[in-house]
Amino acid sequence: MVHHIATLVLAVDENEPSKAAFYIGGGVLALWAVILGFLGLRSETFPGGQRGERGVMGVSVVLVAVALATALITS
């Protein structure tokens, strides 16, 4: 068992950039989607007018841009 773990550790390429930023950005985007789904199912008036719609779209666009940028940077 220990031999297999050592083999996996040695197989990691040190030159490859860390994907932690993408995992965090993608995780926040996924959490945002779950929250929006929950709020949308719970309230008939969500997001509450034009200002709320713009806010939700703005946050969503920023989170998607962050996830895409970190995916490209860490690839």
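Regarding the range 53-63, can at least one residue be identified that is within 30 Å of PRO17 (Cβ to Cβ), open to solvent by 50 Å² or more (accessible area, probe 1.4 Å) and either in contact (Cβ under 8 Å) with a residue 40 or more places away in the chain or aromatic (Phe, Trp, Tyr) (or both)? Quick ask: steps written out before the conclusion?
Step one: of the range 53-63, the residues within 30 Å of PRO17 (Cβ to Cβ) are 58-63.
Okay, now just the ones that are also open to solvent by 50 Å² or more (accessible area, probe 1.4 Å), so 59, 61-62.
If we keep only those that are either in contact (Cβ under 8 Å) with a residue 40 or more places away in the chain or aromatic (Phe, Trp, Tyr) (or both) too, we end up with none.
There is no residue in the range 53-63 that is within 30 Å of PRO17 (Cβ to Cβ), open to solvent by 50 Å² or more (accessible area, probe 1.4 Å) and either in contact (Cβ under 8 Å) with a residue 40 or more places away in the chain or aromatic (Phe, Trp, Tyr) (or both).
Residue pairs, Cβ under 6 Å, 6 or more apart or interchain, first in the range 27-48 and open to solvent by 50 Å² or more (accessible area, probe 1.4 Å), second in a loop (DSSP other than H, G, I, E, B) and modelled with pLDDT under 95. List them.
Qualifying pairs under 6 Å: LEU39/PHE46.
The values are calculated or read from the model by the stated rules, or taken from the named source; none is laboratory data. All figures in this text were calculated on a predicted structure; none of them were measured in a lab. Please note: Cβ atoms are built from the backbone with ideal geometry, for glycine as well, and neighbour counts cover all protein chains shown. Keep in mind that these areas ignore ligands, DNA and RNA; they rest on the heavy atoms of the full protein, side chains included. Shrake-Rupley method; radii C 1.70, N 1.55, O 1.52, S 1.80 Å.
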